[in-house]
Every structure is written in C-alpha cells, then in structure tokens.
Amino acid sequence: MAILLFADHDNASLSEHSARALSAALQIGAEVDILIAGQGAAPAAEAAAALTGVRRVLLAEDGSLSERLAEPTAALIVQLAGDYDTIVAPATSSGKNVLPRVAALLDVMQLSEVTEVVAPDTFKRPIYAGNAIEVVQSAEAVRVVTVRSASFSPAATGSAAAPIVAIQPATVPALSSFRQNLLSANDRPDLSSARIVVSGGRALGSKERFEATINPLADKLGAAVGASRAAVDAGYAANDFQVGQTGKVVAPDLYIACGISGAIQHLAGMKDSRIIVAINSDGEAPIFQVADYGIVGDIFDIVPEMERAL
Amino acid sequence: MKILVPVKRVVDHNVKIRMKADGTGVDLANAKMSMNPFDEIAVEQAVRMKEAGEASEVVVISVGPAQAQEVLRTALAMGADRAILVQAEGRVEPLAVAKILQRVAQSEEAGMVILGKQAIDDDCNQTGQMLAALLGWGQATFASKVEMSGGSALVTREIDGGLQQIELSLPAVITADLRLNEPRYASLPNIMKAKKKPLVQQTPEDLGIDVAPRLNVLRVEEPAARASGIRVGSVAELLDKLKTEAAVI
C-alpha cells in the first residue's frame, strides 16, 4: 500500500522540510503521494510535483485550510486515509499539531520525531532529550509518523512532474478560527535548514548586545541565527530562534555556540551538527563536551574578532 | 467553567539519565522524579484563570503509578482544588492516556483541558491533540498566551516562523508552551493545606480503557557519542581549523 505525506508549506512555496520528509517516506515505501492542503496553494503543489519519487500530488483547497488549522486538516487526512498504510509529516509545528489528531481519529498510536527508518514498520526516535534512542515497531493498521527533518537529506527535484489531482475536502464544523500570524521577518537563511548557525545564550546579556554581537558574524558567514532557551526567555531573541529539545532541532555543517553553557535540553537540539564550535568564558561549561573546537574567552572580544578576520 | 489539568510524573529535567545494561530501557531506579515542566505551566495557567474569575474549579489528574500522587499534591499546593489518580503501572502510551482523559473530561463536564505540550521523557507531543480529537473539540497547541472572551479563547501559539493567533470555541484543549507563564513555587502553608485536599483513585478498568501498549519497543540504545574535540588558543587558529581541517567555511 501507499504512503501519504502531509506537506509543510505556506501556499506560495513548499518548505524544505517536505522534501526531507519525502526522503524518509521513500525509505518506507515507493508509492508516495504528497498532500497539499491550503488555499491558493497551486505553487506549493507544483513544487511538490517536481520532487523526485512522488507518485501524485493531492491538492485540497478551501478557505478553512488556508492556515492548516488542526480540525479541518485532520478531517481531510482521515478522509483520505483509507488508501494508505502510512501517513507521514515532517515534525514541524504544523505536522506536530495535526498528525496526533489524525492518529487518534484513526485509533492508532503515532511515532513522533523519527530519525531513522529501520524497516517499513520499525523506526528509531530520540527520547529523554536525545539522551536515549528508542527502536520501536508498529503493527498498527495505519502507521502515523512524524519525521525529524534534520535527520534526512532533501529529495532532489526531478525533470518529470508528477500529476496534480484536485481533492474536494469534506465540510466540517469550525471549532477554531485563524486570526493572524506574527512572523519574524529577517533575510537570513531558515534556521532549520541553514548550512551554518550562529547561536547566542544568556551571556549576551540583552537584546541589543545579542543583535550587535551575533548578527554581524551570522551575516558574514551567511548563517542563520539561533538562541538558547535562556536567551529566548530573557527576551534577547524571538521564540522561533530557540534551538533545543522543545524548540528547533538543527544539524548544520557548522554550529557556533556563543555564550551558551550547554544544558542537555539545548544539546538535544544541536548535537547532531557536523562541526560544533563553542565560545564561552567558563572552561568547565558542558557545551565544550560536545564541541569539536572550543575557545575559552569573552564572547564580546572573540565573536567580533572572528567577524573581522573572515 | 471547570478546567481539567492532566499532569505527568517524569524524571526530573536536571537528571542525566542512564541506560539499563540489557538495552530494555532507561534506568530510573532512585532517579529524582518531578512534575513534567510543561504540565507545571499548565497548572499555573489554570490556577491563574481561577484567580481571575475565569474558571470555577481546577481539577488535576495523573495517569501513572501510586507515586504520581506526589505530583498531584504539588499541583494541589500550587492552587488546584482536587485531584484524580488513575493508577496504571508500566508504559502507558499517549493514545491510552487521551482515552482516559476523554472519559474523565466528559464525566466532569470540563469546559477546558490545559496540559503540557509534551512530556520530557518520551518527547511524544501527542496527548493534547489526541484528546481534542477524541472529544471532538478544537485545539490550540504550543500556547504562549491565553485570553478569554465570552464563549471563546484567543490563543497565541508558538509556530516555526513566529507566532500565530487563533480563536478557539469552548470547550477546547490547550497545550502549554514554555513561555505561557512562570509557574509559582508552592508556599509551605499551601503545601500543608494541599495534604487535606481531596484525591480520589481510579483504575483504567474502572473507566473501561485498555492501556496495553500498541507500539513494540524493541530496544533502547545509547545515542552515538561525539568524538572529543580540542581547545584552540586564538581566533586565528580556530578559523584555520575551520577552513583546512573541517572545511566548513
């Protein structure tokens, strides 16, 4: 049987998480359909159709789906579920919001944040903030799976576009309504998929000093900016900058941790990065235990010096 | 409006966990246990809503072993009115917990359920969404702000690109994110008072719920360890290593 991939997108474009989740789906089975639920979402559907390995793209458009609110979106996926034995979504805020609702409506247990496909019914997933890895098998009639996109490389864009099929979503009563999105605007790469991430912690001391210290180095490197929970809680950076167990999980080629002590909850979000650099005045900070290169010193001297030397 | 707040007893967030030698799981013998931090935020939210006159009663519930009474007493000391322990040993999956909560939310005629967005042990992030589905209620996950207005709640959610505001018809399920509030410490008099607040015990069988796990955990492994790194003495040395040895810039 086939696999349905609930894609992450903003109607106008497909997020890279979807291409990464497709790689995971193709490790489970060969027949993968991508569901684009939205409104005015033809551009996202076309981008999905261009990915290598996609059988069909199902495009469901309705005003109620424009922001993929959980209730109508889960109802739509359940409506389609009879044709699939596996339902996959990237573990983005949208996938994490919608898929457990689908699993409960289908009376199956979900597998969350899968990092490796061992077999079509067996997966690895981190537990305890990544301090243990569970190898878990599902004998459910439908396997509902969210995948951690940092663990899978994005599927390539192919030459032949897959067919796009329009789906009529069933009407369901509205239990919630969208008011507004307050999105952080910046021109930097997306934190979750950036090749280089420069992150700041509580040691930055203020929003102004965070921006004046971290941003120039990030800009010089073409990097995304991240933050520890402590920095976000203190208001130095916006919530969507948070890297960690409950924030974003990133695995860039280079992660530069500036003034971050390295609580296990933060390490959970970045310890799969290829190269980790730690800059901290406390030589005993736990961040040095995961760092490939550590430098003990004042971030307000070292970070600007790096920026000037690049 | 009655608010139901499910809380989970988990390993304390400061504990560095150890694997059992036979690969069957994590060794929690003698580990310090606490209330799941996100559930603590949920309790605080419900208590604040009661203090603001937006809720009439706060009922806390836990599904777990007899020792889960301790986290229920903590919630009572924070200001919840009464507690329910649904006693179950071993691994109880989010779907089974959601089914138990569904029964209790219905029998209690709760107008809202607030719970943590995920538990820090299994990191599933499922129970609230599953409960909303089973009840046929609306959901607002990852909440960082909840404002009541008449028969609905205006909820600000933390999403990947920033924040999202949605309006939720009641009854509804809300899952708490980190920045919804800062939970209070229970005062000593309130801890003493909490010992006298009602705590009833039930079993999943009383509620007619089968809690046998659906998923089969084959083994639990250590994560891959990182090779130990080096200290560098200067920015010039660091940049040289990043260029030539690591080839990342």
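Since every read-out is calculated from the coordinates, none of them should be taken as a lab result. Only a predicted model underlies this, so the values are computations on that prediction, with no experimental measurement involved. Glycine gets a Cβ as well: all are built from the backbone with ideal geometry, and neighbour counts include every protein chain shown.
Could you work out, residue by residue across A:166-179, how many beta carbons of other chains sit within 10 Å of that residue's beta carbon, and then give the average as an integer?
Working: counts 0, 0, 0, 0, 0, 0, 0, 3, 3, 10, 13, 6, 4, 7.
What the average comes to for A:166-179 is 3.
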Backbone HN-Hα couplings from phi across region A:103-119 [Karplus 6.51/-1.76/1.60, Hz, Gly and Pro as x]: 4, 5, 5, 8, 6, 10, 7, 8, 9, 9, 6, 5, 10, 7, 9, 7, 8
When the Karplus curve 6.51 cos²θ - 1.76 cosθ + 1.60 is applied with θ = phi - 60°, which whole-Hz ³J(HN,Hα) does each residue of region B:97-109 get, with x for Gly and Pro? 4, 4, 5, 4, 5, 4, 4, 6, 4, 6, 5, 7, 6
Using Cα atoms only, what is the angle between the long axis of helix B:69-78 and the major principal axis of chain B, expressed in degrees (0 to 90) to the nearest 10? 80
For B:LEU163, list long-range residues whose amide hydrogen, built 1.01 Å from N in the peptide plane, is under 5 Å from its own amide hydrogen. A:LEU182, A:LEU183, A:SER184
Quick one: putting +1 on the C-beta of Lys and Arg, -1 on the C-beta of Asp and Glu, what dipole do you get for the protein assembly as shown around its Cα centre, in Debye to the nearest 20? 900
Filtered GluC sites (Glu not before Pro), region A:248-310: DSSP coil and at most 13 other beta carbons within 10 Å: A:GLU284
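Give me the number: length gained by fully extending A:ARG195 to A:GLN180, i.e. 0.36 nm times residue separation minus the C-alpha to C-alpha distance, one decimal in nm. Each step should come with its number before you reach the end.
Values: separation 15, 0.36 × 15 = 5.40 nm, distance 3.04 nm.
Difference between extended and current length: 2.4 nm.
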How large is the charge dipole for region B:4-121, taken about the Cα centre, if only the Cβ atoms of Lys, Arg (+1) and Asp, Glu (-1) carry charge, to the nearest 20 debye? 320
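Fewest to most neighbouring Cβ within 10 Å: what's the order for A:LEU80, A:LEU14? Walk me through the numbers before you get to the answer.
On the way: A:LEU80 19, A:LEU14 24.
In order of increasing Cβ crowding within 10 Å: A:LEU80, A:LEU14.
For peptide B:152-158, what's the mean number of Cβ atoms from other chains within 10 Å of each residue's Cβ?
Working: counts 2, 1, 1, 2, 3, 3, 8.
Mean number of neighbouring Cβ atoms from other chains: 3.
Can you tell me the length gained on complete extension of the stretch B:SER169 to B:ARG18, counting 0.36 nm per residue apart and subtracting the Cα distance? Please list the in-between numbers first.
On the way: separation 151, 0.36 × 151 = 54.36 nm, distance 4.36 nm.
Answer, rounded to one decimal: 50.0 nm.
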Residues with amide H under 5 Å of B:ALA88's amide H, sequence separation 5 or more or different chain, H placed in the peptide plane at 1.01 Å from N; which? B:GLY64
Answer with one residue from A:SER206, B:ALA77, B:VAL7: the one whose Cα lies farthest towards the positive end of the charge dipole of the protein assembly as shown, charges on Cβ with Lys, Arg +1 and Asp, Glu -1. B:ALA77
Using the basic label-point model (7 angstrom from Cα toward the beta carbon), what is the A:THR122 to A:MET1 distance in nanometres? 2.1
Between helix A:16-28 and chain A, what is the angle of the helix's C-alpha long axis to the longest principal axis, kept within 0 to 90° and rounded to the nearest 10? 60
Quick query: amide H of A:LEU35 versus all other amide H atoms, modeled in the peptide plane; which residues come in under 5 Å with a sequence gap of 5 or more or a different chain? A:LEU5, A:PHE6, A:ALA7, A:LEU58
In sequence order, calculated HN-Hα J values of region B:192-206 (Karplus, 6.51, -1.76, 1.60; Hz; x Gly/Pro): 5, 4, 4, 5, 9, 6, x, 9, 9, 10, 9, 10, x, 5, 3
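Note down the magnitude of the dipole of chain B about its Cα centre, charges +1 on Lys and Arg C-beta and -1 on Asp and Glu C-beta and zero elsewhere, to the nearest 20 debye. Let's see the in-between values first.
On the way: 29 positive and 32 negative charges, 107 e Å.
Using Cβ point charges on Lys, Arg, Asp and Glu, chain B gives about 520 debye.
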Within 14 Å, Cβ to Cβ, of B:ASN30, how many net charges do the neighbouring residues add up to if Lys/Arg are +1 and Asp/Glu are -1? +2
Taking every residue of B:241-248, the Cβ atoms of other protein chains inside 10 Å of its Cβ average out to 5
